[in-house]
Amino acid sequence: MTERDYTDIALELAVREVEGWAEMLAGQRARIDHPARRAAFEFVMPAVSKDREVRDRLFESLADAANRRHEPWVVDALRWLNHPLRAASSEKYLRRTLDWLEQVQRTGSVPFAKQWLDASFAGHNTESAAEIIWTFVNEHSTYPPPLLQIILQSSDALARSSLIANAGVEPPAPK
């Protein structure tokens, strides 16, 4: 197994709050020799914290473009913040994620805005999460079309899964 595999396992165990998760994260951090990879792990670690306030502080820090400088780290952190096991507590991030989108697009690389939304929406599948997105879209009729397209693309799976979950419709069986 690679260092990345061990890192992913440690984060998965932490988000599941498996007994000893904090020690596992600390142990994995100590095993990472490369300074940039250690810094990336340290950046993401608060996203899997059991403490909601720690997760909220990490999310709030992303309002500052300087804290989004390492885009892959931010995308990873957003994925963990919005993990399906944390969707109920992270749904409150969705509106602000959308509110910050224009700034994210202006200050980041070309694909970053799409990655930002993909990571933020991936863990959600509720009608209320879909409603947050549709409300934003309806309130921003003059939003730049390229960003609107990104919102619609990134929220497609969330919208579809919320329809299935709320309609009690079973997806077709694989063939």
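The values are calculated or read from the model by the stated rules, or taken from the named source; none is laboratory data. Keep in mind the model is a prediction, meaning the values are calculated, not measured. Here the Cβ positions follow ideal geometry from the backbone for every residue, glycine too, while neighbour counts run over all protein chains shown. We work out accessible area using only protein heavy atoms, side chains counted, and drop any ligands, DNA or RNA first. Shrake-Rupley method; radii C 1.70, N 1.55, O 1.52, S 1.80 Å.
Annotation: A63 fulfils all but one of (1) in a loop (DSSP other than H, G, I, E, B); (2) under 21 Å from F121 (Cβ atoms); (3) open to solvent by 60 Å² or more (accessible area, probe 1.4 Å); the unmet one is (3). Restricting attention to segment 34-60 and to residues that are open to solvent by 60 Å² or more (accessible area, probe 1.4 Å), assigned to a helix (DSSP H, G or I) and in contact (Cβ under 8 Å) with a residue 12 or more places away in the chain, the residue that is farthest from R86 (Cα to Cα) turns out to be R37. Taken over segment 142-153, the criterion of being hydrophobic (A, V, I, L, M, F, W, C) and either open to solvent by less than 40 Å² (accessible area, probe 1.4 Å) or touching a residue at least 12 places away in the same chain (Cβ under 8 Å) (or both) is satisfied by L147, I150, I151, L152.
Candidates in segment 116-141 are the residues that are of a type in the set (G, A, S) and surrounded by fewer than 20 Cβ atoms within 10 Å (Cβ to Cβ); of these, the one that is nearest to T97 (Cα to Cα) is A122.
When D76, D156 are screened for being open to solvent by less than 70 Å² (accessible area, probe 1.4 Å), in a helix (DSSP H, G or I), over 25 Å from R4 (Cβ atoms) and among the acidic types (D, E), only D156 passes. Only residues that are exposed (fewer than 13 other Cβ atoms within 10 Å of the Cβ) and in a loop (DSSP other than H, G, I, E, B): list them for segment 18-33, please. Of everything in segment 18-33, those that are exposed (fewer than 13 other Cβ atoms within 10 Å of the Cβ) and in a loop (DSSP other than H, G, I, E, B) turn out to be V18, E19, G20, D33. Looking at R4, is it part of a helix (DSSP H, G or I), modelled with pLDDT under 95 and either over 30 Å from P144 (Cα atoms) or open to solvent by 70 Å² or more (accessible area, probe 1.4 Å) (or both)? Yes, satisfied.
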